[in-house]
2 protein chains.
Amino acid sequence: MERETPQAAPPPTFLRGEDASSDSSSTRARFERLIRRVQADVCAALEAVEEGGEVFREDAWTRPGGGGGISRVLQGGRVFEKAAVNVSVVYGVMPPEAYRAARPDAAAGTEKAGPVPFFAAGVSSVIHPNNPFAPTLHFNYRYFETEAPQDAPGAPRQWWFGGGTDLTPSYINDEDIKHFHAVQKQACDKFDPAFYPRFKKWCDDYFHIKHRGERRGVGGIFFDDLSDRDQETLLDFITECAESVIPAYLPIIERRKDTPFTEDHRAWQQLRRGRYVEFNLVYDRGTTFGLKTGGRIESILVSLPLTARWEYDHKPEEGTEEWKLLHTCINPKEWI
Amino acid sequence: MERETPQAAPPPTFLRGEDASSDSSSTRARFERLIRRVQADVCAALEAVEEGGEVFREDAWTRPGGGGGISRVLQGGRVFEKAAVNVSVVYGVMPPEAYRAARPDAAAGTEKAGPVPFFAAGVSSVIHPNNPFAPTLHFNYRYFETEAPQDAPGAPRQWWFGGGTDLTPSYINDEDIKHFHAVQKQACDKFDPAFYPRFKKWCDDYFHIKHRGERRGVGGIFFDDLSDRDQETLLDFITECAESVIPAYLPIIERRKDTPFTEDHRAWQQLRRGRYVEFNLVYDRGTTFGLKTGGRIESILVSLPLTARWEYDHKPEEGTEEWKLLHTCINPKEWI
């Protein structure tokens with residue numbers, strides 16, 4: 001595996017060749033500019049609400065063959081227990097099994113394919129607040145290109161967009177979740193009224209902890225392999241989604257960051273963080289792909305919460321607030 | 001998936017047919033008697049050292065098609081944070097991909113195979129003490145039979161034994177680890193002087209957190225697919241290994257359970273527990289097999305620690321006791 005080299009400061013671009021020129025209008029170049037702007041904006045917004053004065057630490061790295069990333073992490077704040085906003089731009093070669101895992105639909109006939117050259121760029125973020133009534137946020141927007149797999153004549157070059165924004169509370173506040181979903185719907189509706197229902201369901205289906213029969217949280221939107229419109233339109237859509245992260249999330253944090261809580265609330269939050277770990281390590285495509293392709297481990301696993309808990313056979317009593325959350329994770333509902 | 005039914009008390013046997021008669025001398029019957037005895041003995045030994053007076057809770061369950069299990073869990077003790085000793089006897093049908101994951105060597109030519117009927121019985125245990133200087137123990141001994149995969153003519157019936165006992169400290173105490181390995185070697189040497197070196201290396205190779213380049217702990221012994229001697233000999237060997245668990249582990253607990261420790265020691269233990277979670281959810285064959293085949297989730301995931309921690313890019317300072325542990329996990333050594 002190629003290993004990353006730490007950089008004292010982020011380079012102007014991680015791209016190479018013509019894409020690297022500052023006025024390039026290639027999709028790769030425009031996408032890199034988007035994700036770096038989103039990273040800066042989200043970090044600034046979170047620092048503004050982080051009353052403890054904690055700021056994001058920044059780690060930049062490059063890879064020998066081109067590409068690299070910037071991880072920004074705030075840990076141990078007063079409002080945020082652990083928040084990470086990462087961008088990465090990767091030129092790589094994926095093992096054929098990783099290609100099949102990433103694109104099951106395109107993988108037919110590639111059983112004997114060789115390694116697959118790919119380009120992947122994305123912004124990825126997980127924000128775990130301290131307060132058990134303040135939900136965890138995840139968002140990720142990415143652009144992918146693959147060359148044709150070696151030794152699989154006829155298998156096509158591919159490009160696609162993927163991503164989503166979803167919410168994982170430990171307690172249900174209808175007001176918060178409705179607001180969150182309304183902002184996602186608004187972003188989707190600007191492009192196609194069919195998007196929100198489709199991507200909302202996709203999100204519920206994706207963030208499914210199969211061995212528990214539970215969703216990780218209360219969803220949001222999720223999509224992958226999006227290539228059924230022109231790149232221009234899809235890039236605009238992704239931009240809209242990414243710019244909706246702050247208005248969807250920050251009002252909830254403002255409302256919940258100082259809610260009084262007990263040790264019992266905290267213990268339940270910790271159990272739900274255990275479920276978060278289960279989902280990310282067992283099912284999450286980005287995580288399992290990253291672990292297989294030798295990505296920068298600390299950037300991949302920064303999505304895990306600072307602390308988590310597993311109690312044997314814990315079952316919340318019916319009718320309690322904890323039960324209500326669990327019931328909602330088992331039976332996803334429509335919020336708007 | 002078949003679902004389990006809770007039982008008020010464990011039945012005399014989980015076996016069916018002729019194996020179920022109390023004087024059956026079949027391998028299945030002898031193995032079930034062994035694992036139930038080991039479960040009782042280990043729980044009794046741990047309760048004797050658990051000064052808080054906590055005792056093991058017992059959950060028994062059966063499955064509609066036959067088989068079942070007994071989970072015994074002690075949580076929140078003074079000495080033990082979470083300790084579980086489970087037995088299970090399962091008649092099932094595994095998806096062909098689970099068969100291939102379980103027996104990669106036998107899977108050639110079974111790409112188009114249908115579901116594979118199997119029998120699996122085992123005792124499995126993870127013991128997480130509270131004190132950061134008292135190491136975590138894991139042991140597991142199991143017996144497996146598969147029918148020939150459907151639609152794969154010529155693929156053989158299989159039986160094999162597997163298992164091992166391994167230690168995961170947060171701090172290195174040479175005296176403890178040498179004692180632990182010496183007991184494993186003693187058990188192995190009664191059967192074949194080649195066993196210990198072979199199974200010690202297998203253990204180091206198996207408990208490998210590949211994405212970290214670290215072993216989970218300081219190893220012990222591990223083996224799988226053991227079928228190269230007669231069943232009688234291998235059953236005797238497994239019995240010897242299982243009976244070595246208490247003499248290998250309890251003296252260490254007695255020595256370390258009351259060692260004074262600081263919050264920093266505890267935080268480091270929690271980070272190492274995070275690694276434990278990573279290994280179990282990403283790589284452990286028993287866990288991933290159980291999650292895929294719809295085993296009893298609470299029994300499978302009881303191996304996870306009560307609490308765990310992930311700090312971004314944590315690196316112990318060179319020369320510290322934390323660094324020494326990490327260095328040993330990266331570079332496994334010979335202890336005797």
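Read-outs throughout are calculated quantities, based only on the coordinates presented, and are distinct from any laboratory measurement. For clarity, every value in this text was computed on a predicted model and none was experimentally measured. Here the Cβ positions follow ideal geometry from the backbone for every residue, glycine too, while neighbour counts run over all protein chains shown.
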**Fill in**
Between B:A148 and residues 5 or more places away or on another chain, the pairs with built amide H atoms under 5 Å apart involve B:R157
**Prompt:** Where does each of B:K185, A:K201, B:K200 land when they are ranked from fewest to most other beta-carbon atoms within 10 angstrom?
**Reply:** A:K201, B:K185, B:K200
**Item:** On Cα atoms only, tilt of B:321-330 relative to the major axis of chain B in degrees
**Value:** 30 degrees
**Message:** Within a 10 angstrom radius of the beta carbon, how do A:C43, B:C188 rank from fewest other beta carbons to most?
**Reply:** A:C43, B:C188
**Request:** In debye, nearest 20, what is the charge dipole magnitude of the range B:230-336 about its Cα centre with +1 on Lys and Arg Cβ and -1 on Asp and Glu Cβ, if you could check?
**Result:** 380 debye
**Asked** Once you charge only the Cβ atoms, +1 for Lys and Arg and -1 for Asp and Glu, what is the size of the charge dipole of chain A about its Cα centre, to the nearest 20 debye?
**Response** 400 debye
**Request:** Taking 7 Å along the Cα-to-C-beta vector as the label spot, tell me the A:R78-B:E147 distance in nanometres, rounded to one decimal.
**Result:** 6.6 nm
**Asked** Is chain A rounded, prolate or oblate when judged by the Cα gyration tensor, a ≥ b ≥ c being the square roots of its eigenvalues, rounded requiring a/c under 1.5 and prolate requiring a/b larger than b/c?
**Response** prolate
**Request:** May I ask for the angle, rounded to the nearest 10°, between helix B:245-256 and the longest principal axis of chain B, with both axes built from Cα atoms and the value confined to 0 to 90°?
**Result:** 20 degrees
**Message:** Please list 3J(HN,Hα) in residue order for the range B:304-320, calculated via the Karplus relation 6.51 cos²θ - 1.76 cosθ + 1.60 where θ = phi - 60°; whole Hz, with x for glycine and proline.
**Reply:** 6, x, 4, 9, 8, 9, 10, 9, 5, 6, 6, 9, x, 5, 4, x, 6
**Message:** Mean-square fluctuation check for chain B, GNM, Cα pairs under 10 Å: which of B:L325, B:L167, B:L291 is largest?
**Reply:** B:L291
**Distance in nm between pseudo-label sites at B:D225 and A:H314 (7 Å out along the Cβ direction from Cα)** = 3.9 nm
**Prompt:** Put +1 on the Cβ of every Lys and Arg and -1 on every Asp and Glu Cβ in the range B:111-227; which of B:Q158, B:Q184, B:F118 then has its Cα farthest towards the positive end of the dipole?
**Reply:** B:Q184
**Message:** Could you derive backbone 3J(HN,Hα) for the range B:12-27 from the dihedral phi with the Karplus parameters 6.51, -1.76 and 1.60 (θ = phi - 60°), listing whole Hz in sequence and x where the residue is Gly or Pro?
**Reply:** x, 8, 9, 7, 10, x, 5, 4, 7, 6, 5, 10, 4, 10, 5, 4
**Complete:** Under the Karplus relation with 6.51, -1.76 and 1.60 and θ = phi - 60°, whole-Hz ³J(HN,Hα) for the range B:84-91, x at Gly and Pro, equal 9, 10, 10, 10, 8, 10, 10, 9
**Prompt:** When you look at the Cβ of every residue in A:293-304, what mean number of other chain Cβ atoms sits within 10 Å?
**Reply:** 3
**Item:** Farthest toward positive dipole pole in the range B:208-258 [+1 Lys/Arg, -1 Asp/Glu at C-beta], among B:P251, B:C241, B:L226
**Value:** B:P251
**Prompt:** What is the calculated FRET efficiency for B:K201 to A:D174, with r their C-beta to C-beta distance and R₀ = 51 Å, to the nearest 0.05?
**Reply:** 0.35
**Item:** Cα gyration tensor category, rounded, prolate or oblate, for the range B:152-218 with a/c compared to 1.5
**Value:** oblate
**Asked** For the range B:200-232 and the range A:203-275, what is the separation of their C-alpha centers, rounded to whole Å?
**Response** 38 Å
**Item:** Full-stretch length increase - A:A8, A:R157 - with 0.36 nm per residue and alpha-carbon distance subtracted
**Value:** 50.1 nm
**Asked** Given charges of +1 on the Cβ of Lys and Arg and -1 on the Cβ of Asp and Glu, with all other atoms neutral, how large is the dipole of the range B:281-336 about its Cα centre, in debye to the nearest 20?
**Response** 420 debye
**Asked** For the Cα atoms of chain A, what angle does the longest principal axis make with the long axis of helix A:231-243, in degrees from 0 to 90, nearest 10?
**Response** 30 degrees
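Under the definition of partner shielding as Cβ atoms of other protein chains within 10 Å of a residue Cβ, what is the mean value for peptide A:305-318? Let's see the in-between values first.
Values: counts 4, 7, 9, 11, 5, 13, 9, 15, 11, 2, 1, 0, 0, 0.
Partner-chain Cβ atoms within 10 Å, mean over residues of A:305-318: 6.
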**Fill in**
Restricting to lysines and to Cα separations under 22 Å from B:K185, and discarding same-chain partners fewer than 8 apart, the set is B:K200, B:K201, B:K333
**Asked** Using the Cα gyration tensor of the protein assembly as shown, with a ≥ b ≥ c the square roots of its eigenvalues, what is the shape: rounded (a/c below 1.5), prolate (a/b larger than b/c) or oblate (neither)?
**Response** prolate
**Request:** Compute the distance in nm between two label points, each set 7 Å from the Cα along the Cα-to-Cβ direction, one at A:K190 and one at A:R33.
**Result:** 1.7 nm
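Over chain A, calculate the relative contact order: mean separation of alpha carbon pairs under 8 Å at least 6 apart, over the residue count, as a percent.
Worked out over chain A, it gives 15 percent.
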